[in-house]
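Throughout, read-outs are computed from the coordinates displayed, never taken from laboratory work. Computed from a predicted model, the values in this text were never measured in an experiment. When we count neighbours, we look across all protein chains shown, and the Cβ atoms used for this are built from the backbone with ideal geometry, even at glycine.
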Amino acid sequence: MGIITLRPALESDSTSLAELNGQLGYSASPAVVRERLLRILAREEDCLRVAILEDGRMAGWIHAQLSQWLESDFRAEIGGLVVDTTLRRRGVGTHLVAAVADWARSRGAVELSVRCQIHRTEAHAFYAAQGFQRTKSQHVFRRRLSE
Ligand SMILES: CC(C)(COP(=O)(O)OP(=O)(O)OC[C@H]1O[C@@H](n2cnc3c(N)ncnc32)[C@H](O)[C@@H]1OP(=O)(O)O)[C@@H](O)C(=O)NCCC(=O)NCCS
């Protein structure tokens with residue numbers, strides 16, 4: 001693996017982001033990902049960083065968002081993180097989390113959190129290695145909004 005660079009995501013990253021989205025288990029076409037990306041890039045409260053290899057290939061991405069709830073300290077929440085399956089266990093995920101932690105700190109956040117599905121046991125080990133502690137397990141409820 002060549003040297004990696006971390007940088008903010010760009011509109012031109014849609015296809016690579018979509019490919020890695022699939023590895024995370026959330027397949028969506030590059031067009032749909034582009035639409036979501038444009039909304040994210042327009043938001044001050046979002047941070048989307050990509051890890052790029054020396055040859056220009058995307059090794060991974062992380063997306064975090066600042067959130068303020070009445071019952072919690074000001075924090076940033078990681079909404080998505082994925083490293084290419086062929087490039088895992090080489091420190092890319094660690095670099096991406098560190099970049100988001102720096103960004104969150106610079107915005108005044110005092111905590112970084114992530115909700116991780118129960119079956120993602122490898123990710124649990126990863127977050128533990130990054131100093132996160134498991135605080136609770138939840139059910140997630142959702143409904144579509146009709147027109
Ligand atoms: C979780 C993920 C992002 C980790 O990325 P990564 O680049 O492989 O992680 P790193 O190389 O920085 O790992 C750092 C440390 O975390 C721990 N770790 C990472 N992956 C691990 C695994 N599969 N099993 C056990 N420990 C693991 C280790 O302590 C590792 O250090 P080591 O390699 O020196 O032992 C990557 O496995 C991934 O994309 N998984 C699928 C998507 C996913 O689950 N994302 C999280 C959604 S919330």
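Annotations
- Near residue 41, once Lys and Arg are set to +1 and Asp and Glu to -1 for all other residues with Cβ below 14 Å from its Cβ, the sum equals 0.
- For the chain, built as a Gaussian network whose Cα springs stay under 10 Å, the top-fluctuating residue of 82, 50, 32: 32
- Choice from 109, 59, 128 with maximal GNM fluctuation in the chain (Cα, 10 Å cutoff): 128
- Using just its DSSP H runs of length 4 or more, each adding -39500 (n - 2.57), the chain gives a mean residue ellipticity at 222 nm of -10000 deg cm²/dmol after division by all residues.
- Taking the Kirkwood radius as Rh and the Cα radius of gyration as Rg, region 5-129 has a ratio of Rg/Rh equal to 0.95.
- Pair residue 23, residue 10: separation of 7 Å Cα→Cβ label points (nm): 2.1 nm
- Take every pair of alpha-carbon atoms less than 8 Å apart whose residues are at least six positions apart; their mean separation over the length of the chain yields a relative contact order of 19 percent.
- Loop-located chymotrypsin sites (Phe, Trp or Tyr not before Pro) across region 66-133 with a Cβ neighbour count of 15 or fewer within 10 Å are 69, 74, with loop assigned by DSSP.
- Neighbourhood charge, 13 Å Cβ-Cβ cut-off, centred on residue 60 and excluding it, Lys, Arg +1 and Asp, Glu -1: +3
- Neighbourhood net charge (11 Å Cβ-Cβ; Lys/Arg +1, Asp/Glu -1) for residue 122: +3
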